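The values are calculated or read from the model by the stated rules, or taken from the named source; none is laboratory data. For clarity, every value in this text was computed on a predicted model and none was experimentally measured. Cβ placement follows ideal geometry from the backbone for every residue including glycine, while neighbour counts extend to all protein chains displayed.
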Amino acid sequence: MRRELHFDAVVIGAGTAGLTAGARLAEAGARVAVLTKGVGSTHLAPGTVDVLGYAPERVSEPGRALEDLVRSRVDHPYALVGRGCVVEALQWFGERVAAGPFPGYRYVGGLERNHLLPTAIGALRPSALIPETMAAGDCAAGGASAARVCVVGVRALRDFHPALCAANLERAGVDARSVELNLALDRADQNALGVARRFDDPGWRAWFCAELSPHLRGEERVGLPAMLGSTDPHGVWSDLGRRLGRPVFEIPTLPPSVPGMRLFEVLRSSLRAAGGRLILGAEVVGAERSGERVSSVQAHAAGEERRYLARWVVLATGGFASGAIELDSRWVTRERVLGLPVRGAPGADEPRFVSTYLDEQPLARAGVAVTGDLRAEGVENVLVAGAALPGAAAWREGSGEGIALATGFRAAEVVSEAEGARAGQPGRSEAVV
Amino acid sequence: MSTEAGSGLRDDELPGLLRGSLDHCVKCTICETACPVSNVTPLFPGPKYCGPQAERYRVADEPSVEWSVDYCSGCGICTQVCPQGVKIAEINAQARNKIKREHGVALRDRIITRPTVLGRLGTPVAPVANLSLRLRPARILAEKLLGVHREAPAPRFAGRRFSRWAKRHTSPRTGRKVVYFHGCGTEYYEPWEGEKVVALLEHNGFEVEVPKQDCCGLPLQSSGLFDDARRTVLRLARALAPFVRDDDTIIVGNATSCTLMLKREAREILGLADDPALKRVSERTWDICELLLDLHDRGELRTDFRPVNETIAYHAPCQQQGHFIGKPALDLLALIPGLEVREMTARCCGVAGTYGLKAEKYEIAMKAGDALFTQIRASGAPSVACDSETCRWQITHATGRPSVHPIDYLHRAYGL
Ligand SMILES: Cc1cc2nc3c(=O)[nH]c(=O)nc-3n(C[C@H](O)[C@H](O)[C@H](O)COP(=O)(O)OP(=O)(O)OC[C@H]3O[C@@H](n4cnc5c(N)ncnc54)[C@H](O)[C@@H]3O)c2cc1C
Ligand code: SF4
Ligand code: SF4
């Protein structure tokens, strides 16, 4: 017997885009496998759904700014899917969080206005849809509260310095101060996940609050690194609010990102609940074409590679950072998995990089060339979603998660529509055969 | 430095592929989020530090610079989640082996890594052996003398061997042959599992062949005894290879860590990628659930299941995840009417083969498994399905819940 597996759709990549596409396809009744080399950016990014933060000035009403963007930048991923799709995708995501593995946990906000959330270094970051555990940190005018922010750190937690965070918040016009607790964590150096596991324990929480309470003053709200529990964030966060008697919020940390891991778990469990399969370690290393179609992909497995045959392939492998797209020493850009053409890379005489690392890098706009409905150019049955798409500068725009979610959502819809048409049903179909 | 007969490989030559992979590390910390060990003990700084980072300081002909890598359990989860393809667990395994070569191997590690020898000694005297494995004074003595933790889960010798049963058993001639690799756990401790595998396969039209076979060498390999592990796995490969007649032949196993050893670990970690017999066996080996689900996907699995009205927790052990085939058991169990399956998301039970048996590591292993044990208790499921025997023993030890291979439920649902 040969290792050949048949699916309706194979999704490559398990970041926000791939998991969303996979879950949606499975919910529509398709047999889906999500093949992935490893986990994606979810574990690194803050776990918020930033739709549009800068265009290029800071955006306060993302819904409105999105409309302008869709009109003015026809090559942008948002323009390909349209504002309506973004709205639907956010709504779907919110429902999946509510039905997900963390009781009571939910996201708040939407396209009406951006929150302004403190980062680990005290900058303010615009974000549309955010975990409830971050809501009290909103510093936007008319936001959650104007009360002073008390940034609380724990010395052993690496890469989080409350004094730096508070000082920068002050510079941004937010009334802030800091407290650093020197708690014994049995190791000199701990990451956010390690502390989050402590917070799962009610006894530890009680002790933590007893240590912290004497340091708090007046009407302050308390900002803690995003580490409020690994299994029951809603419970941990509510409990802290009760014990400290004031609003408490999470500030995203440097990786690993605990809220990002929750986001991953929400999407992963949605995929599973709908019967989709997630196959970790299955790096896709090759593909077979027949005419204008990709008929199968080959993925790494222990012992012998496996061939996955599918009518549809969703490419959600991310961008340069995840190795989906590469630039060689002759300045040629390439999509590495299926060998698809890349668009948007700067020409030979144009600048590819600028000297300031976090500025807009021209090369970052490169991505897999697609037609209006996210199909890879020249291939009928491959759809592209997420950071693999060209046309966006997600880092500058603050749009990475929104694009991943909306395009993953849309890719699944395109498949369902095509299958519906194939089955002779008008419009969208609920069941893919 | 030792040179290994048969492989011509020097132990201190880290296969280029593994070492080369460390340059891909972008320090994203994803492996750290998943490592069951570093998350519970300060003695182990974690996969990123001990793998790609410390590897830069390891020089072939110079002494090991640090020992914390001995606390890596070898579960392999870090390699599975790394988005850049860094072979972290494999790099760690090599580093552990180097320490063992420099400083010698504890007597304990020479004993508990040889299930075949233990099984041969224990089986004829099973009642006495089982009793002494449960008697406190004996266990305290074993801890003092050997360093096997007194509380560590110990299996019971079945007192009979699976291979004896297999010799007397004739599989109906259907012409559709499958080669069964049962492993030591089935041979000495759970022969009934093997009988169930055979029954399931026969029920689905296979003619089951059971070659004479021995240990796969995994326990030796995970304790850093590479020379012995190579000898052992090559012996097994030579025993199985003649049964692989063509590319359609399947070798199937229910011991998921042992099938993984044959498929991948021996080739990658022990550097035996080019041994022809092992390569052939490696490519043709399937995990039992992988095979059954594949049959189902092709519409070839019988689905005459009777309802089993129960709730169970399913834990996919690390070694099963190392096959890179997803969790086929979940989809198989979902075929059984009435059976409610709760998927456990915590990744590791902590035991990692023989790691959790060692006196100095027992507590760490129990803590590493705690997230899983808590989930199992909270799931409300009275019993647990899990593909690996040592993990099942650990789960039962920690939670008091019975634990069986997922195929047990298929066997029951078929009414065999
Ligand atoms: C540290 C960090 C911070 C960020 N902060 C923000 C932020 O504040 N706001 C924001 O909006 N965005 C942020 N982003 C960006 C945002 O997270 C990404 O744009 C978005 O998540 C991309 O999702 P994706 O699913 O397209 O790709 P990814 O999440 O990169 O996923 C790619 C997936 O493809 C898999 N893969 C790659 N190659 C293969 C192959 N050959 N075979 C199989 N699988 C393969 C990978 O393993 C991975 O699972 C941040 C990103 C990072 C890394
Ligand atoms: S997951 Fe891989 S790339 Fe990330 S830190 Fe670990 S080894 Fe490096
Ligand atoms: S093999 Fe397991 S214990 Fe060792 S570093 Fe990797 S995840 Fe941690």
Q. Quick one: how many residues across the stretch A:224-268 are within 14 Å of chain B (Cβ to nearest Cβ) and in contact with a Cys (Cβ under 7 Å, 6 or more places away or on another chain)?
A. 1
Q: Taking B:Leu293 as meeting all but one of (1) in contact (Cβ under 8 Å) with a residue 60 or more places away in the chain; (2) within 11 Å of chain A (Cβ to nearest Cβ); (3) buried (at least 21 other Cβ atoms within 10 Å of the Cβ), write down the number of the exception.
A: (1)
Q.
Is it the case, given these coordinates, that B:Gly322 is buried (at least 21 other Cβ atoms within 10 Å of the Cβ) and either farther than 22 Å from B:His411 by Cα or modelled with pLDDT of 95 or more (or both)?
A. yes
Q: Out of the residues in the stretch A:269-286 that are more than 8 Å from every other protein chain (Cβ to nearest Cβ) and crowded, with 22+ Cβ neighbours inside 10 Å, state the one that is farthest from B:Thr29 (Cα to Cα).
A: A:Gly276
Q.
Exactly one condition in (1) more than 12 Å from chain A (Cβ to nearest Cβ); (2) in contact with a helix residue (DSSP H, G or I) (Cβ under 8 Å, 6 or more places away or on another chain) is false for B:Gly205; which is it?
A. (2)
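Please verify whether B:Val86 is among the β-branched types (Val, Ile, Thr), within 16 Å of ligand 1 (Cβ to nearest atom), at pLDDT 90 or above and part of a loop (DSSP other than H, G, I, E, B), treating the condition exactly as stated.
yes
Please find, among B:Arg230, B:Arg235, the residue that is more than 14 Å from chain A (Cβ to nearest Cβ), over 16 Å from the mean Cα position of the chain (by Cα), without any contact (Cβ under 8 Å) to a residue 24 or more places away in the chain and farther than 27 Å from B:Val404 by Cβ. Write out each step before concluding.
Values: B:Arg230 fails: without any contact (Cβ under 8 Å) to a residue 24 or more places away in the chain.
Every option except B:Arg235 fails the conditions.
Return a yes/no flag: does the stretch B:299-319 have any residue that is facing chain A (nearest Cβ under 9 Å) and under 20 Å from the mean Cα position of the chain (by Cα). I'd like the intermediate steps shown before the answer.
Step one: filter the stretch B:299-319 for residues facing chain A (nearest Cβ under 9 Å), giving none.
No, that holds for no residue.
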(Q) I'd like the full set of residues that are assigned to a loop (DSSP other than H, G, I, E, B), within 24 Å of A:Gly109 (Cα to Cα), more than 12 Å from chain B (Cβ to nearest Cβ) and touching a residue at least 24 places away in the same chain (Cβ under 8 Å), limited to the stretch A:1-58. (A) A:Pro46, A:Gly47, A:Thr48, A:Asp50, A:Val51, A:Leu52, A:Gly53, A:Ala55, A:Pro56
Q. Mind checking which residues of the stretch B:49-64 are more than 11 Å from every other protein chain (Cβ to nearest Cβ) and either within 10 Å of ligand 3 (Cβ to nearest atom) or in contact with a Leu (Cβ under 9 Å, 6 or more places away or on another chain) (or both)?
A. B:Cys50, B:Gly51, B:Pro52, B:Gln53, B:Glu55, B:Arg56, B:Arg58, B:Ala60
Q. So which residues in the stretch B:215-250 are closer than 29 Å to B:Glu360 by Cβ and either aliphatic (A, V, I, L, M) or not in a helix (DSSP H, G or I) (or both)?
A. B:Cys215, B:Cys216, B:Gly217, B:Leu218, B:Leu220, B:Ser223, B:Gly224, B:Leu225, B:Ala229, B:Val233
Q: Tally the residues that are within 14 Å of chain A (Cβ to nearest Cβ) and in a helix (DSSP H, G or I), restricting the search to the stretch B:65-83.
A: 7
Q.
Among the residues of the stretch A:83-94, are any in the same structural domain as A:Ala274 (by TED's automatic domain parsing) and part of a loop (DSSP other than H, G, I, E, B)?
A. no
Q) So which of B:Ala239, B:Ala273, B:Ala277 ends up being of a type in the set (A, V, I, L, M), in contact with an Asp or Glu (Cβ under 8 Å, 6 or more places away or on another chain) and not assigned by TED's automatic domain parsing to the domain that holds B:Tyr71? A) B:Ala239
(Q) It is to be established whether one or more residues within the stretch B:241-249 are free of Cβ contacts under 8 Å to residues at least 24 places away in the same chain and within 12 Å of chain A (Cβ to nearest Cβ). (A) yes
Q: Output the residues belonging to the stretch B:367-397 that are within 27 Å of B:Asp109 (Cα to Cα), in contact (Cβ under 8 Å) with a residue 40 or more places away in the chain and crowded, with 21+ Cβ neighbours inside 10 Å.
A: B:Ala368, B:Gly369, B:Leu372, B:Cys386, B:Asp387, B:Ser388, B:Glu389, B:Thr390, B:Cys391, B:Trp393, B:Gln394, B:Ile395
Q) Which strands (runs of 3 or more DSSP E) does the stretch A:296-363 wholly contain that include 1 or more residues that are away from chain B (no Cβ under 14 Å) and within 30 Å of B:Asp247 (Cα to Cα)? A) A:306-315
(Q) With the requirement that a residue be at pLDDT 95 or above and farther than 16 Å from A:Glu401 by Cβ, what does the stretch A:73-83 give you? (A) A:Ala79, A:Leu80, A:Gly82, A:Arg83
Q: Could you list all residues from the stretch A:59-73 that are assigned to a loop (DSSP other than H, G, I, E, B) and either within 16 Å of ligand 2 (Cβ to nearest atom) or farther than 21 Å from A:Arg125 by Cβ (or both)?
A: A:Arg73
(Q) For the stretch B:328-340, which positions are surrounded by fewer than 24 Cβ atoms within 10 Å (Cβ to Cβ) and facing chain A (nearest Cβ under 10 Å)? (A) B:Leu330, B:Asp331, B:Ala334
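Can you tell me which of B:Tyr71, B:Tyr49 is among the aromatic types (Phe, Trp, Tyr), within 16 Å of ligand 2 (Cβ to nearest atom) and at pLDDT 90 or above? Steps first, please.
Working: B:Tyr71 fails: within 16 Å of ligand 2 (Cβ to nearest atom).
Sole residue among the options that is among the aromatic types (Phe, Trp, Tyr), within 16 Å of ligand 2 (Cβ to nearest atom) and at pLDDT 90 or above: B:Tyr49.
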Q.
of a type in the set (D, E, K, R), surrounded by fewer than 19 Cβ atoms within 10 Å (Cβ to Cβ), at pLDDT 95 or above and over 20 Å from the mean Cα position of the chain (by Cα): which single residue out of A:Arg311, A:Arg306, A:Arg293 fits that description?
A. A:Arg293
Q. Which ones in the stretch B:326-359 are in a loop (DSSP other than H, G, I, E, B) and touching a strand residue (DSSP E or B) at 6+ places or on another chain (Cβ under 6 Å)?
A. B:Gly326, B:Met344
Q: Pairs only if they're at least six apart or on different chains, beta carbon under 7 angstrom, first in the stretch B:84-108 and at negative phi, second among the aromatic types (Phe, Trp, Tyr) and within 15 Å of ligand 3 (Cβ to nearest atom); list them, first residue then second.
A: B:Ile99/B:Trp67
Q | Hey, A:Leu374 touching a residue at least 12 places away in the same chain (Cβ under 8 Å), farther than 16 Å from A:Ile12 by Cα and assigned by TED's automatic domain parsing to the domain that holds A:Leu25 or not | A | no
Q. Among (1) in a helix (DSSP H, G or I); (2) among the β-branched types (Val, Ile, Thr); (3) within 16 Å of ligand 1 (Cβ to nearest atom), where does B:Val26 come up short?
A. (1)
Q: Could you tell me which residue of the stretch B:32-48 is nearest to B:Ala352 (Cα to Cα), considering only residues that are facing another protein chain (nearest Cβ under 9 Å) and within 16 Å of ligand 1 (Cβ to nearest atom)?
A: B:Ala34
Q: Would you be able to tell me the number of residues in the stretch A:345-375 that are at pLDDT 90 or above and more than 15 Å from ligand 1 (Cβ to nearest atom)?
A: 5
